[in-house]
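Have a look at the structure below, then the notes.
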Amino acid sequence: MIRSFLTVSSGTLVSRLLGFLRDSMIAALLGTGAVADAFLVAFQLVNVARRLLSEGALNAALVPAWLRLHETDRMAAAAFAGRVLGTISAALIATTVLMGILMPLIIAALAPGFAGRETLRLAVDDARLMLPYLAFAGPSTVLLALASAQGRFLLTAFSPLLFNTALIAAMVALVGAHRDAGFIALALAATVGIAGLLQLSILALRRGEAIATPLRVSFDAEMRGFLRRAIPGMVASSAPQLLIVAGAIIASSSPSAVSWLYFASRLIELPLGIVGVAMSTVLIPELTRALHGDDRKAIRNAESRALELAMGLALPAMLGLIALSEPIVRLLFEHGAFTAADARSTSRALILLALGLPAHVLVKALSPAFFAREDTYAPLIAALAALVAAVVLAALLGHFLGASGVAAGITCGAWSNAASLIRQGSTSFGFSLDAAARERLPRITTAAALMGALLWLAAGFTVGAGLHGLAQATILLGLIAAAIAAYGGLLALFGVIGWREAVNALGRGKTGDLHP
């Protein structure tokens, strides 16, 4: 499982790094005013809808159902996949048209603070230009889910790069041609739809064997049952993005607050994407096969190793983002129209959002245990309860603390979601860690805490507010590299993992061999 995990994680890492470049360019071109707030609200709407489908969410329903059929009758599995592909494509086309008509009402609900301002019209125009992406995202996601079900993770990992590549190319073309922020926002919005078409075109050309034929639109009993399982799972899998949208709803009444929260949340997306997407994409097929074979040892091993990997990456990422919040924000976003004041506000929001990163990753690591058992309602209920908690706390804290208070409410919602899944998993199917995980997790936590303390001390002496450009980037990269090396050394010192065993496990593609 580690080899597949690293394949998906590597693709996600490259995509997220391109995403940072994309967002840095957006910040420089649009700043944090009305045009930027309008564009980012529209972009978040399409982005959440995209993640309802992609980044492992659809795997929660499609992969277990397809694998169950494929084990007994490959033609039946192909016919089922063809119905899913046709039905989801048709449903999304209809949804796209309907959303386009109702977009003024949708934006007014998502950003009530825009009411009566020009920002509302700008957001509606941007969102309508982005909507075609959703029609292309549906069939793309089904094809990617089927590829991951067959253990073909390379295409799943790297196909999302087209989305960011297309937007970056568009911005490069616009930098010298136009200086009007409104025109740039509209051009980028139109590029989002084009990126979806490019992704689908490549996937259609690379389909290979007929694993989704014949293509049909069907709402028979089997398909209705699939959708009843799929929709709750898709919503639950998008809990982190839904919490950010909930925060944007509260923040929309404060000028620039939507932009500060968006750029802060993008930094959280890097570690969350690397761990969370890979967990959802790789762990669900792994657990499904173990459950079908009634291999309790394999089930517990997969769940325990997933939690170790999740916490082993999430904890140092959280502490690193907290220690380096302001210099990272300055380096990535403080250019052009994005001011030093914007950087300070964004870094404060980032610190509070980072405190919720382990909770988000826990949700991504725990949810597959439910999805592999075809239980999508328990994660949905937990996600909805977390959403309510986040809205209430964000409204309350945001009244006193502004964007930082909204970020704190989002973090509290994330921990509510994680706690609910732990409690439900323990009572429903006896989710528990094996002895190795119970021994290693405290050591991982200690290693991360020591690394965070060392990084905080080093940052205080080496990163100054006056640093810019190449010097700032060099120091930050050096600090990050040193922190990674220190963390790895501490893990080895504490006997969490030996490097020789890690290399051997990667070569065999197993996780059960990661013992000191």
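For the pair residue 221 and residue 445, a Förster radius of 51 Å applied to the C-beta separation gives a FRET efficiency near 0.60, rounded to the nearest 0.05.
For the peptides 313-321, 473-481, 73-81, the ranking by packing is 313-321, 73-81, 473-481, with the highest mean count of neighbouring Cβ atoms within 10 Å listed first.
Working note: Karplus 6.51/-1.76/1.60 with θ = phi - 60° gives region 390-404 the couplings 5, 5, 4, 5, 5, 5, 5, 6, x, 4, 9, 10, x, 4, 5 Hz, where Gly and Pro are set to x. Modelled this way, with points 7 Å down the Cα-to-C-beta line, the labels at residue 228 and residue 73 are 2.1 nm from one another. Model label points for residue 118 and residue 493, set 7 angstrom from Cα along the Cα-to-Cβ axis, are 5.8 nm apart. Using R0 = 41 Å, the C-beta based FRET efficiency linking residue 470 and residue 102 works out to 0.30.
Label-to-label distance, residue 204 versus residue 477, with points set 7 angstrom from Cα along the beta-carbon direction: 4.0 nm. Ranked by the mean number of other Cβ atoms within 10 Å of their residues, highest first, the peptides 434-441, 218-225 come out as 434-441, 218-225.
So how much slack lies between residue 91 and residue 28, counting 0.36 nm per residue of separation and subtracting their Cα-Cα distance, in nm?
Gain on stretching residue 91 to residue 28: 19.0 nm.
All of the numbers you see were taken from the coordinates with simple rules; none came from a lab. Just so you know, these numbers come straight off a predicted model, no measurement behind them. Counting neighbours? That spans all protein chains shown, and the Cβs are built from the backbone with ideal geometry, glycine included.
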